[in-house]
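The values are calculated or read from the model by the stated rules, or taken from the named source; none is laboratory data. Keep in mind the model is a prediction, meaning the values are calculated, not measured. Reconstructed Cβ throughout: ideal geometry from the backbone, glycine too, with neighbour counts over all protein chains shown.
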Amino acid sequence: MPKSLYLIFFLLLIGKSGLAQLGLEANKSIRNKQRVNYIYNFTDYITWSNLDDNTTIKIGVFGEDQLALIDEFKNVATKKKIKNLPVEIVNITNINQIQGIQILYVHERCKLEMDAILPLLTFSEVLLVSENYPFRESMINFMEFENEFHFDVNETHINAAGLLVSPQLLTFSIQQQKDWEEIFEQLKHEQDKIEIQINELEALNDEIELQKTRLEVQRAQIKKQQLNLKTQEGDIEAKKKELADKLAEIDRQKRELSNLQKRINAQSDETFRLTNTLDRQEDSIQFRKRQLLVQRHTMSEQEIRLAKQVGAINIQDQRLITQFEKLRSQGLLIYVFLVIILVILGLILFAWREYRRKKKSEKEVRIQNQKLLVLNESLDSFVYRVSHDLKAPVINVKNMITMLKEHWVVEEGSLVPKIIDNLELSSNRLDLTITDLLELSKIEKVDEIREQIRIKDVLQSILPDYQDELESIGAKVELTFLDSGTYSSFIEMSSVFQNLLTNSIKYRRKDVPLLIEISTRDMGSIMVIDYRDNGLGIDLEQFKGKLFSMFQRFTSDQSISGTGVGMYIIKRLIDKNSGTVELRSEHNQGLGYLITLPSKMPKS
């Protein structure tokens, strides 16, 4: 073989191997950045009770081969905090070194058994985050598939460690084992393909090494002549490619976000249409029920009249019996008997027609009720499925935007930072909308357990979550409990007061400190809750008929975030607990809620 052809063959092998290695390293770096972002995001939904005396949050990374991931953790730790505390990264090589850390990351390739480490974490307030383990063996376990991370949450293991997890994190996770197993099997198939490619790459490297030994002299001469040029060209091409990739990714994210926004708008229109259809059907059913009640009342009156007529006929029969003897002699008995038969047949025909009309009306009401139930179930299923399917892409979009903000090099006059800020604002608004839709779907699908509870216990369970925010704005909460309890759902009442407190904080006045007054009292068979604040209030006359509508906002101030479903959720939850709610308010004079709930379990 001529030397020139031999040299070209060698350079092609070198180039192919180098590009493959660069691609693998770049992919690993991106995956590590996503791992770190996911673990940081998980901490937003986890509550530690022992952080008051801590000066740092420690994250332990298990394994001796995790240097690249540790470097990425340290890089992010210089820019971000967790729970307003600085983050410290430590390398763990033995399970006996886990004391003093708050988060532990373990990869399945470390061969660490969950049964060996979970007992050590009982009441330790250490969050265990694992990767590529079976479904719900860890606290939080995630895997990468098709450039996306999927995760499951084991609330039991988290609570056993002395930690609390937000229900929102559970809605984002994979909740069915069969879904996890399908992804896990596909991931194993992808890993087998990658292993085959790695073996091919290793064989290629062996071939390159063989060629290196044969062409050592030629390579040395080429390196002397072209080293500087190749280095410069490689740097330039790498920077060009990196810039092109970032711009292409921004364009792709813009298109994807635009498509998502269009889908959400279309789904919102469909939701409004279905809601209006349901309202019309409910009005129609109520009208038919009222018609049926009127018909039943009419039937009752007709039955009473019929009974009186039958009584009168019986009296006439008795009289006629005494006259039959006289009529026999006169030949008129047959005619009298025919008249009586005709009267009785007329009454029977009238009663039969009224009975048929009543049965037909009842059947129509049952059919309309069944159609309404089917439509309600279809709407709930549609909203939950669409919201859940959109949640994972939105989280990925937010993570990619965060990575772009961290790694974008600022250039004078560039529009990219403004575009990134607009993308972040739109993705956050979309995330809020999807979260509210998921909560609405859960309210419609889940019937919580009702029991005898006290509103005092409900508020004591949720007020600590708002304590820091209330103190930071100088707010005051006054409580007066004079009730003997209510027969309601503890979970749903907690959600009602969470929405009430959030609305009071969000729509407070800037010129006076926020004051929230909550009082309860018994009134016969019901318990009354009086909730009021001194916030912006609502113009009840302006929004008459829309106070508890879905997606209804009562302010044009865009700086106040929200999707307009809070009041709808409050009304829906109180209705589910057999209660009522009324509003009292004037503009800039605060807002009051008068809520009634049953004091005892209704008698069956």
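Assorted remarks:
- The strands (runs of 3 or more DSSP E) found entirely in segment 77-159 that carry 1 or more residues being at pLDDT below 90 and either of a type in the set (A, V, I, L, M, F, W, C) or surrounded by 15 or more Cβ atoms within 10 Å (Cβ to Cβ) (or both) are 140-145, 148-153.
- Positions within segment 564-604 being among the polar types (S, T, N, Q), buried (at least 18 other Cβ atoms within 10 Å of the Cβ) and within 16 Å of LEU540 (Cα to Cα), in sequence order: SER585
- Exactly one residue out of ILE92, ILE101, ILE117, ILE140 is hydrophobic (A, V, I, L, M, F, W, C) and under 25 Å from the mean Cα position of the chain (by Cα): that is ILE140.
- If you filter segment 56-70 down to residues that are surrounded by fewer than 18 Cβ atoms within 10 Å (Cβ to Cβ) and more than 33 Å from the chain's Cα centre (by Cα), you find that the one that is farthest from THR122 (Cα to Cα) is ALA68.
- Here GLN191 passes the criteria (1) under 30 Å from LEU127 (Cβ atoms); (2) assigned to a helix (DSSP H, G or I); (3) at pLDDT 75 or above except the one numbered (3).
- GLY545 falls short on exactly one of the conditions (1) at pLDDT 80 or above; (2) exposed (fewer than 14 other Cβ atoms within 10 Å of the Cβ), and that condition is (1).
- Segment 36-51 residues that are within 15 Å of ILE395 (Cα to Cα) and touching a residue at least 24 places away in the same chain (Cβ under 8 Å), paired with ones that are surrounded by 21 or more Cβ atoms within 10 Å (Cβ to Cβ) and of a type in the set (Phe, Trp, Tyr) (beta carbon under 7 Å, 6 or more apart): VAL36/PHE73; TYR38/PHE142; ILE39/TYR105
Per-residue answers, yes or no, for (1) surrounded by 14 or more Cβ atoms within 10 Å (Cβ to Cβ); (2) assigned to a loop (DSSP other than H, G, I, E, B); (3) hydroxyl-bearing (Ser, Thr, Tyr):
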| residue | (1), (2), (3) |
| --- | --- |
| GLU471 | no, no, no |
| VAL477 | yes, no, no |
| SER495 | yes, no, yes |
| SER504 | yes, no, yes |
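- Contact map, segment 198-227: first residue farther than 20 Å from GLU25 by Cα and not assigned by TED's automatic domain parsing to the domain that holds GLU25, second residue of a type in the set (Val, Ile, Thr) and modelled with pLDDT of 80 or more, Cβ cut-off under 9 Å, separation 6 or more or different chains; the map is empty.
- Residues of segment 502-524 classified as closer than 17 Å to THR580 by Cβ and of a type in the set (Val, Ile, Thr), total: 1
- Residue in segment 184-205 that is of a type in the set (A, V, I, L, M) and either crowded, with 17+ Cβ neighbours inside 10 Å or under 20 Å from VAL106 (Cα atoms) (or both) present: yes
- Residues that are in a strand (DSSP E or B) and touching a helix residue (DSSP H, G or I) at 6+ places or on another chain (Cβ under 7 Å) within segment 519-544 comprise THR520, ILE529, TYR531, ASP533, listed in sequence order.
- Scanning segment 88-106 for residues that are in contact with a helix residue (DSSP H, G or I) (Cβ under 9 Å, 6 or more places away or on another chain) and polar (S, T, N, Q) yields a total of 3.
- Residue list for segment 7-54, restricted to those being over 16 Å from GLU131 (Cβ atoms) and either at pLDDT 90 or above or not assigned by TED's automatic domain parsing to the domain that holds LEU164 (or both): THR43, ASP44, TYR45, ILE46, THR47, TRP48
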